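The block underneath contains the structure these notes are about, expressed in structure tokens.
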Protein chains: 2
Amino acid sequence: MQHHSVSMYERVKAHVLGKPLASGGLEEQKLTWYWGLPIMASDAVSSVAYAIEEILLVLVPAIGLVATNFLPWVSAPIILLLVVLAFSYLQTIKHYPSGGGAYTVSQDNFGKNVSLFAAGSLVVDYMLTVAVSISSASAAIASAFPELFNYRIVVALGAIALITLLNLRGSKESSRIFGIPTYGFIVLMIALITTGIFRLATGSITPLQYAHVQQANLLQPIMGFAFVVLLFRAFSSGCSALTGIEAVSNSVPSFKKPATRNARIVLVALAAIILFIFSGSVTLATWIKVVPIEKITVIAQMGRAVFGAHNPLFYLLQVFTALILVLAANTAYTDLPNLLALLGRDSFMPHQFTNRGAKLTLSNGIIFLWVAASILVIAFAADVNRLIPLYSVGVFISFTLSQAGMVRKWVRDKERHWQTKMLINAFGAVLTGVTFVIVFLMKFSHGAWILAVAIPLLVLLMEVIHRHYTHVKGSMQITRREFLRRYRRCDTDNHFLCLVLVNGLTRPVLKLLNFANQISGNVIALHVATDEEYAERLQSAWHDYGLDRGIALQVLPCPYRNIVGTIEDYLDVAVDQLQPGGSIAVVMSRVVVEHLYDNLLHNQTTLAISMALRGYRDVATVQVPYSYVRAIENAGADKYPVSATTGTDGLDEYSRHEEQAAQLAREAAQE
Amino acid sequence: MQHHSVSMYERVKAHVLGKPLASGGLEEQKLTWYWGLPIMASDAVSSVAYAIEEILLVLVPAIGLVATNFLPWVSAPIILLLVVLAFSYLQTIKHYPSGGGAYTVSQDNFGKNVSLFAAGSLVVDYMLTVAVSISSASAAIASAFPELFNYRIVVALGAIALITLLNLRGSKESSRIFGIPTYGFIVLMIALITTGIFRLATGSITPLQYAHVQQANLLQPIMGFAFVVLLFRAFSSGCSALTGIEAVSNSVPSFKKPATRNARIVLVALAAIILFIFSGSVTLATWIKVVPIEKITVIAQMGRAVFGAHNPLFYLLQVFTALILVLAANTAYTDLPNLLALLGRDSFMPHQFTNRGAKLTLSNGIIFLWVAASILVIAFAADVNRLIPLYSVGVFISFTLSQAGMVRKWVRDKERHWQTKMLINAFGAVLTGVTFVIVFLMKFSHGAWILAVAIPLLVLLMEVIHRHYTHVKGSMQITRREFLRRYRRCDTDNHFLCLVLVNGLTRPVLKLLNFANQISGNVIALHVATDEEYAERLQSAWHDYGLDRGIALQVLPCPYRNIVGTIEDYLDVAVDQLQPGGSIAVVMSRVVVEHLYDNLLHNQTTLAISMALRGYRDVATVQVPYSYVRAIENAGADKYPVSATTGTDGLDEYSRHEEQAAQLAREAAQE
């Protein structure tokens, strides 16, 4: 009877999201190399599905059917880049076992500004990965089933929604769901290439004929400089084949132990697979003289020619192409939420990106990606050709920054064989840097200029968020003396259980404790411990302040940041132990909304907890306001700790005091 | 300093939504007949933009270019229907000055079940009005600017978002914004028709020639029954021209006084305008032999032929066509929120549809329509031709029910000249009823079957919602004796101001009062009075129960149901009067979420208030749980008032008691 029973809601949620996971489940969700390969490979392998088409879309309108002759010229440097990148990232994986994305590497080696730039381009990149892959998947499906051509935007939006759901369910399940299609695509592409080359060699099929494509341009060939520019433009489009190669190094912590070794196995396998499929497809496309036409993709044309128009293998190839592209989008669903969580932890993005949902997934990041990718798909009408320019540029920014960061690391650390390692990364950095410049210039007027606006704006936004958090955090600081001077114990006859959620010894917490003491004589403080070491410091400070004489502090372990779930677990027990007719009040702090952005940067956890507690029959919720503006006003300019960092909440002051004490103790001991 | 200052947020909101209105502003927002005409006329007048096209889309594929010859055959019965409907609705307006929509009329004359059916079809209808009008507007724009053809879904979604915003700003402003385009469209259509007929008559233009449209079918003409069915199908499509004629009678209360007279002026003017424009367009289309082709609408073709392809008048016609269609969508934005508010008041839809936002608009209904119409536009790819079958059917359901209801009313009331009046409505009812059957059968396989599923489901949903609200309301009832037995006064030293939001003398309010008494000795009860008469009864019951000895009851007048704003106004004053360092707690009830739907049906006002209070630096919010499931369990089967109605909250029991007392007093007086 005393249970909270949100039965139907819980049932629906369980059905859609799967059973909730116990907090300890994260290691079990990690990937073996053979389940990890399809997830990591998908982005890079699937790019083949559009890269060749993108090269031809540049060449054919300019030089006609002869374009296929130049495919190898354009593809050779791309293959070279692939090999160099593979070697470079093998080194990154080894030296950044906790995930060496461009953000981490550049933060480590270049400091804040460059790393924010890397982060900005990565955020844009991951959004584009989803938009491009899903739009391409939608085109692959429409190539097999032409009646869906007019619904490609709707198909794309539906696919994004589906991937979002799968990811809210947790990554291990999705790796199983997607593993087979990736391997299936790889096998089908190998079959396509070998069968195609065999049939062309034996003469059982002939190169394709196009009625509508003009051949006239051959009479006025583009010559000299214009032709070189054309090849560079084609190369820039083709570079989209390389997107996704960095996924492995970003995701080292997603692998089962030994994570580094598993990641390196995957990277080598991945590079080999791309090498074969990309060069094989280029050879086949060159020989079979394929040309991009509307409504049917280049890969679909080759499949139809090689397997036959009504052969099941053709349909299978289209379906598996779509599926692997969906899985490519899925890569971003692993990586972007992780990146946003890192940025949230460092206070460059809203803190709620660090919270985990019921399935231990970074739900806010996943939902953010869903919305952003859907907007891109609608805005660009699910047209791969219009999205590609933005995509290629963004990818090469992070390639370059990541490689350059590694060079700096070798120069600084000077570990064994650092010269060789540095040379590998330096070669990669120069090559990707030059490619970035080429791609950016070639694609500037085709949409790359959007990035020149969007990325700096994102960097600015992150700076503003960081400054705001620093500002608010500073205002919360309070000295031990001030805290104890203002702390109030009241005598009251009420003995309903009053739970206070505390995360430090700050001004807002002081207000909470005073409020709770006022309304009940039976107060317990709860600390949801996402950081064990910090929780220990809080506990000793709690004792040191003498607060434990009136209010016991209970620490609830919460290693994976599913804060709401941890509080629910505690309350389920507390409610069970209530006397009949008894009730509990949960007292939380709420930041007073002074600006529009306060709504996005604060109170999200408070809101989530309040929502979750709506299902409890005996739990009243109390939100006590905290105004950082007033705190700063009251403190006065001289007292306000301007230098406040984003360190551990509220304990900074206490820590300084503690360190001084420890220092004094050490000095005393030495004397 | 004590002010709440959500400055930036308020500023942005004011910018987007306009200045907030004082509660008294509703009468000033009402419409004169000359500003009301464009709003009411738009839906009906704009239908011409697609009705002729829809007729030809049925005829041309079957019988080729000769189709235009049959346009008058199909249009004549539509014009007859128009005249009959105009006379019928003139009577409705006169006898339902508070708005005679199909829901009101059938509730009044047929009771609950029929009226829910009417309500269901109206809800679907209004959603379709927006989807059809905006899709058609998008097509009109693409006819003038072909480069937008591929973006028509995006254009449509953008337009819907824009109308939503304008409506959140309040209806008077939108009437001004839209008035000129409607009159502009009417003038341009008259110009098109007269110029076109004049130029055809003088031979300065000739009928249109189509290279691609086949003429072969003339050799195998469709004969006999198949041809009659074809004409009926064309008629069914053309009936979309009549949609919107009922708008005036729905919206009588939106007019300035004398509202009935103004509404009747508008209806007559409207019918005359449609009569001229529809029959004129049909004549022109027949003579100029227009045929529907892709990417350019029939009206646009006529405009191009009559005015010339690059004549500014042609572009102006397209822009004004788009604008009037946008205004047609706007009709639904006035009517659907009103209908949802009626349904919410009667507990058939969530209660939050009755709340007014900062601009006194029914914001929740507006936002609901935004989402629903956007989904329809995406699902039907902004294709008018695919939406029309659903639209025509729904409209004729409400026509028929509304006319039949009037017949019943005349028979029942038997007022002066009731026989003539009945005959008019009976003729209308039979005609629209037969048309409904024809349209439904003709369009069943083209999408009308969706309505045969959707409307019954909606009716079922409304029944379920109603039953749930009745159930919960029943659980809240508590007798005076029980209330007073459980009521607790505590002694406490706390004197912070504790405001309790009360809406009756119910179980949840009892819990609130007990909680408030426990935590503070300075409690004030607030009642936000959306119903003055009810507030007076609550006040006298409050006194009668003796509650005013401990807790003063303050009644806050709130005639337009902008509950959040009323509470904010009160708090602004209360906060100003606070001692430095003082604080206020606002105590609210929250329904315990037992099922998924509880989230939609309850706590929305509590949530809205909590959100609004996030900007107050000195206001803590307290939510006390109320579990209707437990209340019912505790009461036991015998005590639970099964017959509880949806009357005035919690005062039912008190009222019965009061009535008995009054009865006794009267009896005593007589003796």
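Numerical summary
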{"read-out": "Hey, B:LEU31 touching a Lys or Arg at 6+ places or on another chain (Cβ under 9 Å) and more than 23 Å from B:SER392 (Cα to Cα) or not", "value": "yes"}
{"read-out": "Selection count where residues are within 14 Å of another protein chain (Cβ to nearest Cβ) and not acidic (Asp, Glu), scope the stretch A:139-158", "value": "12"}
{"read-out": "Hey, A:LEU600 out of contact with any helix residue (DSSP H, G or I) (no Cβ under 8 Å at 6 or more places or on another chain), closer than 30 Å to A:LEU342 by Cα, within 14 Å of chain B (Cβ to nearest Cβ) and among the hydrophobic types (A, V, I, L, M, F, W, C) or not", "value": "yes"}
{"read-out": "Which listed residue, of A:ALA332, A:ALA234, A:ALA226, is open to solvent by less than 30 Å² (accessible area, probe 1.4 Å), among the small types (Gly, Ala, Ser) and more than 30 Å from A:LYS94 (Cα to Cα)", "value": "A:ALA234"}
{"read-out": "Residue identified as more than 11 Å from chain B (Cβ to nearest Cβ), of a type outside the set (Gly, Ala, Ser) and either in contact with an Asp or Glu (Cβ under 8 Å, 6 or more places away or on another chain) or open to solvent by less than 50 Å² (accessible area, probe 1.4 Å) (or both) among A:TYR534, A:TYR628", "value": "A:TYR534"}
{"read-out": "Single unsatisfied condition, B:ILE367 versus (1) within 30 Å of B:ALA612 (Cβ to Cβ); (2) aliphatic (A, V, I, L, M); (3) without any contact (Cβ under 8 Å) to a residue 60 or more places away in the chain", "value": "(3)"}
{"read-out": "Selected residue (criterion: modelled with the highest pLDDT) from residues of the stretch A:120-166 that are out of contact with any Gly (no Cβ under 6 Å at 6 or more places or on another chain) and among the charged types (D, E, K, R)", "value": "A:ARG152"}
{"read-out": "Yes/no for A:ALA382 being in contact with a Leu (Cβ under 9 Å, 6 or more places away or on another chain), open to solvent by less than 20 Å² (accessible area, probe 1.4 Å) and within 14 Å of chain B (Cβ to nearest Cβ)", "value": "yes"}
{"read-out": "Count - residues of the stretch A:463-477 that are assigned to a helix (DSSP H, G or I), touching a Lys or Arg at 6+ places or on another chain (Cβ under 8 Å) and either more than 14 Å from chain B (Cβ to nearest Cβ) or farther than 19 Å from A:ARG590 by Cβ (or both)", "value": "1"}
{"read-out": "Condition check for A:ARG590: closer than 18 Å to B:LEU607 by Cβ and facing chain B (nearest Cβ under 9 Å)", "value": "yes"}
{"read-out": "Residues satisfying the stated conditions in the stretch A:566-601, i.e. under 27 Å from A:PHE348 (Cα atoms) and open to solvent by less than 20 Å² (accessible area, probe 1.4 Å)", "value": "A:THR566, A:ILE567, A:MET588, A:ARG590, A:VAL591, A:VAL592, A:VAL593, A:GLU594, A:ASP598, A:LEU601"}
{"read-out": "Check on A:LEU451, more than 14 Å from chain B (Cβ to nearest Cβ), in a helix (DSSP H, G or I) and open to solvent by less than 50 Å² (accessible area, probe 1.4 Å)", "value": "yes"}
{"read-out": "Only one of A:ALA620, A:ALA612 that is within 10 Å of chain B (Cβ to nearest Cβ), under 19 Å from A:PHE496 (Cβ atoms), out of contact with any Leu (no Cβ under 6 Å at 6 or more places or on another chain) and of a type outside the set (Lys, Arg)", "value": "A:ALA620"}
{"read-out": "Residues within the stretch A:507-531 that are within 14 Å of another protein chain (Cβ to nearest Cβ) and without any contact (Cβ under 8 Å) to a residue 60 or more places away in the chain, tallied", "value": "8"}
{"read-out": "Hey, A:VAL439 open to solvent by 40 Å² or more (accessible area, probe 1.4 Å), among the aliphatic types (A, V, I, L, M) and part of a helix (DSSP H, G or I) or not", "value": "no"}
{"read-out": "Selection count where residues are small (Gly, Ala, Ser), more than 12 Å from B:GLY504 (Cβ to Cβ) and in contact with a His (Cβ under 9 Å, 6 or more places away or on another chain), scope the stretch B:515-535", "value": "2"}
{"read-out": "Top-ranked residue in the stretch A:545-556 [being of a type outside the set (Val, Ile, Thr) and either free of Cβ contacts under 8 Å to residues at least 60 places away in the same chain or in contact with a Ser or Thr (Cβ under 6 Å, 6 or more places away or on another chain) (or both); ranked as surrounded by the fewest Cβ atoms within 10 Å (Cβ to Cβ)]", "value": "A:ARG549"}
{"read-out": "Boolean, A:LYS13 is at pLDDT below 85, within 14 Å of chain B (Cβ to nearest Cβ) and either open to solvent by 40 Å² or more (accessible area, probe 1.4 Å) or in a loop (DSSP other than H, G, I, E, B) (or both)", "value": "yes"}
{"read-out": "Cross-chain or 6+ apart pairs with Cβ under 9 Å, the stretch A:296-324 first and of a type in the set (S, T, N, Q), then part of a strand (DSSP E or B)", "value": "A:GLN301/A:ILE293"}
{"read-out": "Residue within the stretch B:160-176 that is open to solvent by 10 Å² or more (accessible area, probe 1.4 Å), of a type in the set (A, V, I, L, M, F, W, C) and within 14 Å of chain A (Cβ to nearest Cβ) present", "value": "yes"}
{"read-out": "B:SER347, sole failed condition from (1) of a type in the set (Gly, Ala, Ser); (2) part of a helix (DSSP H, G or I); (3) at pLDDT 90 or above", "value": "(2)"}
{"read-out": "Criterion: free of Cβ contacts under 8 Å to residues at least 40 places away in the same chain and surrounded by 22 or more Cβ atoms within 10 Å (Cβ to Cβ) - qualifying residue of B:SER115, B:SER106", "value": "B:SER115"}
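Residue-wise test of (1) in contact (Cβ under 8 Å) with a residue 40 or more places away in the chain; (2) touching a strand residue (DSSP E or B) at 6+ places or on another chain (Cβ under 9 Å); (3) under 30 Å from A:PHE348 (Cα atoms).
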residue	(1), (2), (3)
A:MET127	yes, no, yes
A:ALA139	yes, yes, no
A:ALA142	yes, yes, no
A:ILE153	yes, no, no
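The values are calculated or read from the model by the stated rules, or taken from the named source; none is laboratory data. This structure is a prediction, so every number in the text was calculated from the model and none was measured. In this analysis, Cβ positions are derived from the backbone assuming ideal geometry, glycine residues included, and neighbour counts consider all displayed protein chains. Surface accessibility is based on the protein's heavy atoms, side chains included, excluding ligands, DNA and RNA. Shrake-Rupley method; radii C 1.70, N 1.55, O 1.52, S 1.80 Å.
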